[in-house]
Structures are given as structure tokens and as C-alpha cells.
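J.: Below is a structure I'd like to ask you about.
The values are calculated or read from the model by the stated rules, or taken from the named source; none is laboratory data. Since we're looking at a predicted model, the values are computed, not measured. Positions of Cβ are generated from backbone atoms using ideal geometry, with glycine treated the same way; all protein chains shown enter the neighbour counts. All accessible areas refer to the heavy atoms of the entire protein, side chains included, with ligands and DNA or RNA removed. Shrake-Rupley method; radii C 1.70, N 1.55, O 1.52, S 1.80 Å.
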Amino acid sequence: MITQVLKQGLLAGAAGSVVMTVGEKIEQAVTRRPDSHVPARVLQRLTGLPEQAGGRSLLLNWAMHFGQATVLGVLRSGMAHAGLRGPLASAQFAVVRLTTDQILENATGVGAPPSTWPRGELAVDLLHKAVYGFAVGAVADALAARGGPGPGQRHAGVRPGRHSGVGPVRSRGPRHTPPSH
């Protein structure tokens, strides 16, 4: 399962980063908002590279933007394989994506807490992270669904609704067979 989660997560994360980026470029064409260079600055500070603008900064910007979004897709794939699928799981994941950005940006001193941002800028960032979260979720859920329901979904199917006293479902993992003599 781990190999599937990794492969499918990277694919879902890459797809989500492309969808988010296309959305950002459309939004920027409409609002005339300039490109952000925050991802490059974060990567420069995380790696100890000198902070530079220009061509190298653009490459670092794309590397951080796509790299972080792609790798984070593995978490959403893990959610889907465990049985956490659908819009609620995608909304939860969008919050994780925003939180990951904020941890890295604030820990490096490149960013400030969202509560201090202009409201319009915050709304745009929340929109793009939601687009990313739901795009990654759609891909991760579709890929995980090919393997059937996840353990959480199987457990929920034992007795619909939340109830105490409903034990875990049987594992679908490899079964140990005693050697025959």
C-alpha cells in the first residue's frame, strides 16, 4: 500500500499543482496581481542559498511551488487509501496545504501570519489553496477507489453512524499461514 500511496500521491499532487497554477495565472490576468516570489525566498532560506532575484529566483520559485505541492499530495493519497475521501477530506487537506505554507513562510521569516494580511490577499490565497486541495482530492480519491473502500469506509459500513462498541474491521493485509509438516 505504501508504494501505491507514494506513486498516486505524487501524481495527484502534481495534477493539483498544475490546476492551482493555471487558476493563479487566470486570476493574475484578471486582477493584474504580480507573481509572488515567496516560494523562492523560502527555499533559499531553507537551503542556505543566497537570496537572489532574476532567472535563478524564478527556477527556485517553480521548484518550491511545484515541489511542495507535489510532495504534499502523498498525504492526501494516504487519506484516500485510509478511506478519508470526498469533499470533506479535500477541505481538510486544503487547510493542511495552507498550514504547510504558513509554517515554512513564517519559520523562515519570509511571511507573516495570514491574520495580518490584507483581506483581499488572504481571500485569493485561500481560493487557490482550496482549488489545489479539491483537485488533488479528486485525483487521489479516484486512484484510491480503484482498490475498493479503505479501512475507514469498511468500518463505517459495519454499522452506519457513530456508535460505541463497534470494533475494528478485519485487516486485509497478508495473512500468516502456518507451515505444513
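J.: Read phi for every residue in segment 123-137 and hand back ³J(HN,Hα) as whole Hz from Karplus 6.51 cos²θ - 1.76 cosθ + 1.60, θ = phi - 60°, with x for Gly and Pro.
T.: 4, 5, 5, 4, 4, 5, 5, 5, 4, 4, x, 6, 5, 4, x
J.: Here's something else I'd like to know. What ranking, highest mean first, results for peptides 24-32, 81-89, 43-51 when packing means the other Cβ atoms within 10 Å averaged over each residue?
T.: 81-89, 43-51, 24-32
J.: OK, next. So, with a 1.4 angstrom probe, what is the percent of accessible area on segment 33-91 that is carbon and sulfur? Display every interim value, and only then the final one.
T.: Details: 2080 of 2950 Å².
Exposed carbon and sulfur together represent 70 percent of the surface.
J.: Tell me, what is the FRET efficiency for residue 88 and residue 37 to the nearest 0.05, using R0 = 35 angstrom and their Cβ-Cβ distance as r?
T.: 0.55
J.: Also, quick follow-up: Leaving out ligands and nucleic acids, note down the accessible area per residue over segment 35-83 with a 1.4 angstrom probe, in whole Å². Can you show the working numbers first?
T.: On the way: 2350 Å² over 49 residues.
Per residue, segment 35-83 has an accessible area of 48 Å².
J.: At what distance in nm do the modelled label points of residue 123 and residue 7 sit from each other, each positioned 7 Å from its Cα along Cα→Cβ?
T.: For the pair residue 123/residue 7, the computed spacing is 4.4 nm.
J.: Rounded if a/c is under 1.5, else prolate if a/b is larger than b/c, else oblate: which is segment 67-111, with a ≥ b ≥ c the root eigenvalues of its Cα gyration tensor?
T.: Cα axes put segment 67-111 in the prolate bin.
J.: Shifting gears a bit: Classify segment 1-159: rounded, prolate or oblate, from the alpha-carbon gyration tensor (a ≥ b ≥ c, eigenvalue square roots; a/c under 1.5 rounded; otherwise prolate if a/b is larger than b/c)? If you can, show how the numbers build up before the last one.
T.: Details: a/c = 2.15, a/b = 1.83, b/c = 1.18.
Prolate, since a/c reaches 1.5 and a/b exceeds b/c.
J.: Can you give me the distance in nm between label points at residue 51 and residue 112, each placed 7 Å from the Cα along the Cα-to-Cβ direction?
T.: My value for the distance between the label points is 1.5 nm.
J.: Find which of 63, 84, 22 sits farthest along the positive direction of the dipole of segment 1-120, computed with +1 on the beta-carbon of Lys and Arg, -1 on that of Asp and Glu, about the Cα centre.
T.: 84
J.: Per residue, how many Å² of accessible area does segment 101-155 show with a 1.4 Å probe?
T.: Ligands and nucleic acids excluded, the result is 49 Å² per residue.
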